[in-house]
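What follows draws every value from the coordinates through simple rules; no lab data is involved. A quick note: this is a predicted structure, and the numbers were derived from the prediction, not measured. FYI the Cβ positions are ideal-geometry reconstructions off the backbone, even for glycines, and counts take in every protein chain you see.
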Amino acid sequence: MHVKRRPVLSHVRVIAPLLVALLGLAACNSSTSGSAASGSGSGSTAAAQEAKKDKVLFESDFEGVCSGAPQAGAAAYDKSQAGIHPALGFYSGSSLADSRMIAMDIPEGFTREWTDGKNTLAEVQLVVCAKRVKDSVVKKCDGYQRDGKDTGQAITLHNATYEVKLYAAKTGEEVASKTVDLKTDKCPRYARGDQTDEYPDVKEDALAFIQPHLKTG
């Protein structure tokens, strides 16, 4: 027994003119309001900036400041104003070719942490960035063991030069900068995973450098 099905095409033929009519109406509406929209370009830009300011910020939203990009949603920095100027920090990854920046721990009370349901990072005023710009090989480190057996893993130990810069988060303007040369001759006690290189840790020097800017007055 064969069941005769209604052709779907008939529905399409009915719906298509309706869609055309609706689209035509939408086009007419946009054209009639064109004069108002065209005259509100600056207003639209201002609205977009305000929306950006109200955006809930995450730590990663501040990484661009390390390249001089402003973060409109951050708090304004005024060094003449006494008190705490909350900061976030980033420093170079594990290899010279690695462009990624890793979040730096700022002492409690001088930073802000992301909190669910609150835009706490909007209170951040400063961003410190420690970028490794040069390095030199010191020596090879080996002899690492696991379960009493040599793993064969070798780590190259480096000296390194860092550019430490402090920026006003909201404007991207440089507040202060310093070049830090760090040297080491001590091999790491443990080898991490497939680690191949070890560099001096710049965090302590970076924090010491920015300390006078974090609390003023």
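Output the residues belonging to the range 103-121 that are in contact with a Ser or Thr (Cβ under 7 Å, 6 or more places away or on another chain) and touching a residue at least 40 places away in the same chain (Cβ under 8 Å).
Trp114
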- For the range 195-217, how many residues meet the condition of being of a type outside the set (Gly, Ala, Ser), in contact (Cβ under 8 Å) with a residue 40 or more places away in the chain and out of contact with any His (no Cβ under 9 Å at 6 or more places or on another chain)? 8
- Message: Residues to consider are Ala206, Ala160; find the one that is of a type in the set (A, V, I, L, M), closer than 16 Å to Lys134 by Cα and crowded, with 20+ Cβ neighbours inside 10 Å.
- Response: Ala160
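Answer yes or no: is there a residue in the range 135-148 that is of a type in the set (Phe, Trp, Tyr) and outside any strand (DSSP E or B).
Scanning the range 135-148 turns up at least one residue that is of a type in the set (Phe, Trp, Tyr) and outside any strand (DSSP E or B).
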- Query: Looking at the range 167-217, which of its residues are in contact with a Leu (Cβ under 6 Å, 6 or more places away or on another chain), assigned to a strand (DSSP E or B) and more than 30 Å from Gly148 (Cβ to Cβ)?
  - Reply: Val175, Ala176
- Unique match (being of a type in the set (Val, Ile, Thr), more than 30 Å from Pro212 (Cβ to Cβ) and touching a residue at least 24 places away in the same chain (Cβ under 8 Å)) among Val133, Val124, Val128, Val138: Val138
